[in-house]
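Okay, structure first, notes after.
Where a number appears in this text, it was derived from the coordinates with a stated rule and is not lab data. Everything numeric here is computed off the predicted structure, so don't read it as measured data. Neighbour counts run over all protein chains shown; Cβ positions are idealised from the backbone, glycine included.
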Amino acid sequence: MTFGTVARISILLPLYILIDTVIAEPYVEGDRRIFPADATNVELHTYTGDSGVPDTYIVKLKQEVDPQTASTFVDNLKSEPYSVTNGRSSAFENDPSVGVMMDFGDTKMVVVETQEEGLRLLRRRVDVVEAIYQDSIVTTAQAPVCHVPCECPAAEEPVDNNVCPPKTAATDWGLDRIDQTNGQLDGKFNVMGTGSDVNVYIFDSGIYAEHQEFSNSDGSTRVSEGFKALDSWNFTDIYGHGTHVAGIIGGKTVGVAKNVNLINVKILNDAGSGQVSWAIWAMYEAAFPILATGQKSIMVLALQSSRNDAFNDVIQTFTNYGVTIITGSGNNNGLSFYQSPGSSEAAITVGASATGDTKAIYSNYGPEVDIWAPGTDILSSTTGSPDAYDQGSGTSVAAAFVAGAAAAYMSSLDYRPAPAEVAAYLIQQAADNVVTDSPTQHNCRWEATCYGAHFWSCRIKWDFFSKCPQHARRRYGLRLTVQTLRPIL
Ligand SMILES: *[C@@H]1O[C@H](CO)[C@@H](O)[C@H](O)[C@H]1NC(C)=O
């Protein structure tokens, strides 16, 4: 038996080495496993944890593929062994975009449901396919969760599951804070511009259109139905997140841009969860009205997924087309690099601050964060009845304030500004180096866990540096320039 094993190994070993020279080794970055392209396989991104949607892939086609080849390729996807629509293991409902080519102009994508054999064959299509990205779960990630080392204030020691206890007293400080550079609140909110000719597309859990925050004097609502990811849905917001975000952007009393047009794009289910492929599909479907009219348009993606480069690609595409896209940095108290859309370079990425201009305990940070805005304990509309309100926290909330400010600014212009112009304006209005972060600055030092008061008792995790992407490592030890939002007085 021993001899047999040795013999088998000695036969297999040369074969393994031979294969190894052809197939590039995968590497892990955050919770993604990336299989690089090689001579016969295209690049493939999957997930090591449970952020990936099983058996579902977003396939990006090569830019130079001619339309005939692309459509033949997509038609063939509907046959075995690619298609496993009946046998899929996902807990989610079927994606209506499966098998439909989404032509974004400079990018073409198709969502495929397939298992191992189909995936292996897809990777071989180096003639047509640029890269394959596993689909991923996207959520609102609304609740502030303390990560080790937990940054809850001393009075709020975390209880179960490291979650900070909810606040009770309403402290509606967000609007007050964003109209001034100084942290001394004056109890006033002054904004120039109402957002009245700006369409804000809110990709979320739906919007409760009947809320009094959105009603016009004649009883009609400023919320219109845009697009929903699944045919079986209606546009109602059961979860409440979309209504909360919409209220901050454009509610009549709790909102920034008090007369903006709010467009309901429902991509999250009643538990606040969805798939990145649904978001991309909704962006594709929502794109035509935006691009055709040339109206002032903002897409708000107050969402969070593990980093998904297909999502980031589509955000880049729409930004190139002139749509301003605003997102939160994500709620992991980690680098936004590992989240989407937080890692998107094209979007205006917003970090969240708490009262006293400190970094909110949950807010992601890093070089992709463009601006900071209030995110903790913000009162806004919620679903269920026209006068229902709730406090919420998260980088979603911070993104909503910036989206409102962007809408107010855009409505004060007589043309549609480019996304870069909107970003430049907001950043120029913001005050530098206001948001602080104690006890450490925003960088990879967060990976160190200290016991007691002595430096030598710090246990540096083995992945101290490996978890930091290259561009973040360069910033190690530096204080990031952080900003707070000051829109348009
Ligand atoms: C809309 O869908 C929700 C579930 O998401 C359901 O509870 C509600 O009754 C539906 N409303 C209508 C008017 O069909």
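In nm, to one decimal, how far is the modelled label at Glu25 from the one at Asp387, with both set 7 Å along Cα→Cβ?
My value for the distance between the label points is 6.6 nm.
Amide H of Phe235: which non-local residues (sequence gap of 5 or more, or other chain) have their own amide H closer than 5 Å, using H built in the peptide plane?
none
What is the calculated FRET efficiency for Lys62 to Ser273, with r their C-beta to C-beta distance and R₀ = 30 Å, to the nearest 0.05? Spell out each step's value before the answer.
Working: r = 32 Å, r/R0 = 1.07.
Step by step, r from the Cβ atoms, then E = 0.40.
Which pairs break 22 Å Cα to Cα here: Lys258/Lys296; Lys62/Lys228; Lys252/Lys296?
From the list (Lys258/Lys296; Lys62/Lys228; Lys252/Lys296), the Cα-Cα distance tops 22 Å for Lys62/Lys228.
Residue by residue, what Karplus-based ³J(HN,Hα) values in Hz, rounded to whole numbers, does region 339-354 have, using 6.51, -1.76 and 1.60 with θ = phi - 60° and x for Gly and Pro?
Along region 339-354, the couplings run 10, 10, x, x, 8, 5, 6, 7, 6, 7, 9, 10, x, 10, 10, 10 Hz.
So if each residue of separation counts as 0.36 nm, and I subtract the Cα-Cα distance between Thr358 and Asn76, what length gain in nm does that give?
That works out to 96.1 nm of additional length.
Run the numbers for Val100 and Thr48: contour at 0.36 nm per residue of separation, minus the present Cα-Cα distance, in nm.
Taking Val100 through Thr48 to full extension adds about 16.0 nm, to one decimal.
In sequence order, what are the phi-derived ³J(HN,Hα) couplings for region 50-58 according to the Karplus relation 6.51 cos²θ - 1.76 cosθ + 1.60 with θ = phi - 60°, rounded to whole Hz, with x for glycine and proline?
My calculation for region 50-58 gives 9, 7, x, 8, x, 6, 10, 9, 9 Hz in order.
If each residue of separation counts as 0.36 nm, what is the full-extension length gain between Ala39 and Arg124 once their alpha-carbon separation is subtracted?
29.7 nm
Can you give me the long-range amide H partners of Thr358? Hydrogens built in the peptide plane at 1.01 Å from N, cutoff under 5 Å, separation of 5 or more residues or another chain.
So Thr358 has HN proximity to Thr436.
Within 10 Å, count the other beta carbons around each residue, average over each peptide in 178-185, 423-430, 348-355, 263-270, and list them highest first.
Top to bottom by mean Cβ count within 10 Å: 348-355, 263-270, 423-430, 178-185.
Return the sequence-ordered ³J(HN,Hα) values of region 394-406 in whole Hz as given by the Karplus equation 6.51 cos²θ - 1.76 cosθ + 1.60 applied to θ = phi - 60°, using x for Gly and Pro.
Whole-Hz 3J(HN,Hα) from phi for region 394-406: x, 6, 4, 4, 4, 4, 5, 4, 5, 4, x, 5, 5.
Between Lys252 and Ala292, what's the calculated FRET efficiency when r is the beta-carbon distance and R0 is 22 Å? Round to 0.05.
0.15
Name the residues whose placed amide hydrogens come within less than 5 Å of the amide hydrogen of Val256, ignoring near sequence neighbours (fewer than 5 apart) on the same chain.
Long-range HN contacts for Val256: Ile249, Gly250, Gly251.
Taking the mean number of other Cβ atoms within 10 Å as a proxy for protection, how do you rank 236-242, 128-134 from highest to lowest?
With the highest mean Cβ count within 10 Å placed first, the list reads 236-242, 128-134.
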